[in-house]
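As structure tokens, the structure follows; a few thoughts come after it.
The values are calculated or read from the model by the stated rules, or taken from the named source; none is laboratory data. Remember, predicted model here, so these are calculated numbers, not experimental data. Ideal geometry is used to build each Cβ from the backbone, glycine not excepted, and the neighbour counts take in all protein chains shown. SASA here: full protein model, heavy atoms, side chains in, ligands and nucleic acids out. Shrake-Rupley method; radii C 1.70, N 1.55, O 1.52, S 1.80 Å.
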Amino acid sequence: MASVTLLPPTDEAVVLRDPVPAYGAAAAVLRLARRLVRGSVPVLLHMDAAGLRLECLDGAPALPLELAHELCRAALYAEAPVTISNTRSELEAGAGLEEEPHAFAGVPVVGASARPIGALALLQPGARAWTVEEVGALTELAAALASELERDEAETEAERLAQDLAVANARYRRLLATCPLGIYFLEPTGRIVVENRALLEILGRDLGSVIGMDFRELIAPESMEIAVAAVRDALRGPQGPQPDLDIYVLRPSGERRLVRIARAPVLQGSRVVGLQGVVRDITEERVREMQMRRGERMASIAPLLSGICHELNNPLTSIQSFAELLLLDERPAADREALEIMQREAHRAAAIVSDLRVVARRSQEVGSSRGLVDLNEVVETAVREHRDALGAVGAHVDCDLTPDLPAAWAVRAQIAQVVGHLLSNAEQAVRDASAERRITLRTFRSEHGVALAVTDTGPGIGPEHHDRIFDPFWTTRQAGEGAGLGLSLVHSIVADHDGRIRLDSAPGLGATFTIDLPFAERAPVAEGECDGDSAASRGLRVLVVDDEAAIRVSLIRYLQRRGHRVAEASEGGAALRLLDEASERPAFDVIIADLRMPGLGGDALLERLRERNEGLEQRVVFITGDADGPDAAALLQDPSIPVIWKPFELAEVTQVAEAQAGLAG
């Protein structure tokens with residue numbers, strides 16, 4: 001038997017002073033303990049997460065709580081049973097306990113790991129001796145109680161863990177459901193075992209359709225090698241922070257989406273049991289980045305292109321105009337053929353300059369008014385116009401046109417250019433096709449309006465070229481097969497219409513160019529027509545103002561052949577002097593003036609004419625090769641003043657001039 005000394009209150013746990021009714025295994029053991037000694041009160045001091053808890057049976061007589069608690073604490077930390085026959089004589093004096101003596105027998109309750117988890121005791125009023133049999137029986141009960149208490153604790157801990165796990169699972173499910181990023185988990189075999197709604201939206205698939213798939217089934221061919229290598233490296237274990245991976249995935253429709261993937265190995269101890277990460281769709285983000293970079297590049301070269309166009313326009317106008325003049329007269333067949341070739345080649349060069357101008361300026365020209373455009377009709381017309389060229393390369397063309405497609409708000413001629421260039425690009429691509437040569441044109445409603453997708457079965461375009469495919473003068477064709485302006489022009493026109501264009505292509509898998517155009521939001525405004533016959537039926541007084549002598553001469557000759565009287569000036573100041581010297585008012589029926597001239601330019605001349613208050617500003621027709629100058633931009637805002645772009649045809653200028661004279665008159 002061990003002697004006992006009262007211990008001070010512990011700071012390691014909260015001491016519960018009031019007894020707690022025992023239940024379960026503890027109550028059963030306490031009932032057995034009460035049978036050991038008649039009149040004794042069994043108690044259990046149980047150490048748990050809440051502290052030291054004193055337990056007793058329901059309906060037990062009143063206890064000296066302070067005494068029971070302190071004696072049980074002593075037994076809990078003792079290495080052998082503690083018995084006290086008379087607490088008054090054996091406890092230290094000055095403890096402040098009750099005067100009535102009690103007999104006490106307590107044994108520690110020790111767990112399987114020799115960890116004290118409580119003390120089982122009998123407390124009886126009065127003094128008495130404890131037999132070896134009683135203490136032995138109490139010790140056996142304590143051993144049985146230790147096993148039960150540990151099992152209860154294990155069950156309680158399991159319940160708590162199960163509850164925590166249920167809460168964690170609920171949070172995890174909410175995270176999967178609400179996270180805007182795609183979440184995935186791969187087994188080491190590459191099989192997908194976790195998906196969420198965002199991932200399914202990115203992949204264009206239904207709920208549950210991705211579970212069990214091999215991730216390789218979702219990767220586009222051009223990204224397969226880099227994706228497989230990244231997964232293989234990650235499954236080798238932690239290797240420090242890894243950069244995000246940008247790859248293309250395939251939707252069931254065949255559409256490619258560019259995604260950015262973060263990845264990390266999942267460890268179980270030191271063993272890699274899988275790969276997890278998040279997926280973000282960056283297709284639209286990459287399109288915006290490419291458009292921004294392309295815009296920056298275009299901004300840097302636009303002034304150069306504009307300057308080239310301006311310098312080429314004047315000589316091209318002269319060549320084209322004099323060829324037109326010479327063809328008005330009878331000529332030998334050989335001379336006429338040469339002149340027609342000259343005129344045709346001048347038109348060809350002028351078309352290239354016009355394309356350059358559109359690329360450089362990226363704005364609509366005068367006379368190119370927007371209206372309701374039937375995209376299906378434009379596609380059908382383009383296919384008819386290209387039938388011979390497509391047949392020559394053995395291309396089969398499929399048109400999948402959505403009926404009742406809403407109209408686009410656009411310049412029809414420019415949209416026809418776009419479709420024509422895309423069709424020509426596809427025709428060039430299928431020439432190199434190793435198998436079937438097929439081109440598909442499909443129209444459909446899109447998120448942004450109406451759309452056209454042109455798909456070819458050509459050799460495709462590598463991802464390293466996607467960022468430059470719309471740049472001017474950049475081409476994958478051989479020298480002499482194209483100037484590299486077609487797709488750049490297409491991009492410029494689509495951007496002018498507040499539309500979008502994108503490329504989906506990979507080596508060996510053909511290419512698809514898709515354009516989105518906005519819906520028509522307003523009806524086109526009907527433009528009035530002017531009959532210039534009345535002006536042309538009489539000889540007009542015409543003033544031609546241009547610093548290019550060749551252009552003046554060609555215009556003067558053509559106008560004179562039409563029966564008009566023509567005066568000329570090389571710049572705006574000379575034109576004003578002619579007006580001052582003229583005896584008639586107004587001095588001229590129409591003034592054809594270049595916009596950009598040394599000395600007094602066309603815009604300044606217009607202001608001077610307005611100051612004269614003779615109505616001459618209503619008789620002006622401007623010709624210009626400067627598409628980007630601020631003067632031209634200002635005139636575009638005034639629909640009452642015609643602007644004709646160089647290079648032009650003499651007949652076109654004359655018709656506009658005669659119409660303007662008729663309006664002014």
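Please give the contour-minus-distance gain from VAL272 to TYR23: 0.36 nm per residue of separation, less the Cα-Cα distance, rounded to one decimal in nm.
Numbers: separation 249, 0.36 × 249 = 89.64 nm, distance 4.58 nm.
The span from VAL272 to TYR23 would gain 85.1 nm if fully extended.
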Farthest towards the positive end of the dipole of region 83-189, among VAL132, THR178, SER147 and with Cβ unit charges of +1 on Lys and Arg and -1 on Asp and Glu, lies the Cα of THR178
Could you derive backbone 3J(HN,Hα) for region 163-180 from the dihedral phi with the Karplus parameters 6.51, -1.76 and 1.60 (θ = phi - 60°), listing whole Hz in sequence and x where the residue is Gly or Pro?
5, 4, 5, 5, 5, 5, 5, 5, 5, 5, 5, 5, 4, 4, 6, 9, 5, x
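Among 192-202, 549-559, how do they line up from the highest to the lowest mean number of other beta-carbon atoms within 10 Å? Please list the in-between numbers first.
Details: 192-202: 17.9, 549-559: 19.5.
Output ranking for 192-202, 549-559: 549-559, 192-202.
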Mind giving me the nanometre distance, one decimal, between the label points for GLU217 and GLU340, set 7 Å out from Cα along Cα→Cβ?
6.4 nm
Tell me the net charge near ALA338. Cut-off is 13 Å between Cβ atoms, ALA338 excluded, with +1 for each Lys or Arg and -1 for each Asp or Glu.
-1
Separation of alpha-carbon centers, region 180-216 and region 608-623, rounded to whole Å:
71 Å
Cα centroids of region 393-437 and region 541-591: how far apart, whole angstrom?
47 Å
What ³J(HN,Hα) values, in whole Hz, does the Karplus curve 6.51 cos²θ - 1.76 cosθ + 1.60 give for region 115-121 when θ = phi - 60°, with x put for Gly and Pro?
9, x, 10, x, 9, 9, 9
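Hey, can you rank 162-171, 496-505 by average C-beta count inside 10 Å, highest first?
On the way: 162-171: 10.1, 496-505: 20.4.
Ranking the peptides 162-171, 496-505 by packing returns 496-505, 162-171.
What ranking do 566-574, 126-134, 31-39, 234-242 get when scored by the average of other Cβ atoms within 10 Å per residue, highest first? Please list the in-between numbers first.
Details: 566-574: 19.3, 126-134: 13.6, 31-39: 15.1, 234-242: 11.9.
Put in order of decreasing packing, that is 566-574, 31-39, 126-134, 234-242.
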I want to check the label-to-label distance for GLU153 and ASP404. Put each point 7 Å from Cα in the C-beta direction and report it in nm to one decimal.
7.6 nm
Read phi for every residue in region 253-268 and hand back ³J(HN,Hα) as whole Hz from Karplus 6.51 cos²θ - 1.76 cosθ + 1.60, θ = phi - 60°, with x for Gly and Pro.
6, x, 5, 9, 10, 8, 10, 10, 10, 9, 9, 7, x, 9, 10, 10
Cα centroid of region 119-170 to Cα centroid of region 223-267, whole Å
54 Å
Which value, in Å² and to the nearest 10, is the accessible area of THR455 when all protein chains are kept and the probe is 1.4 Å?
50 Å²
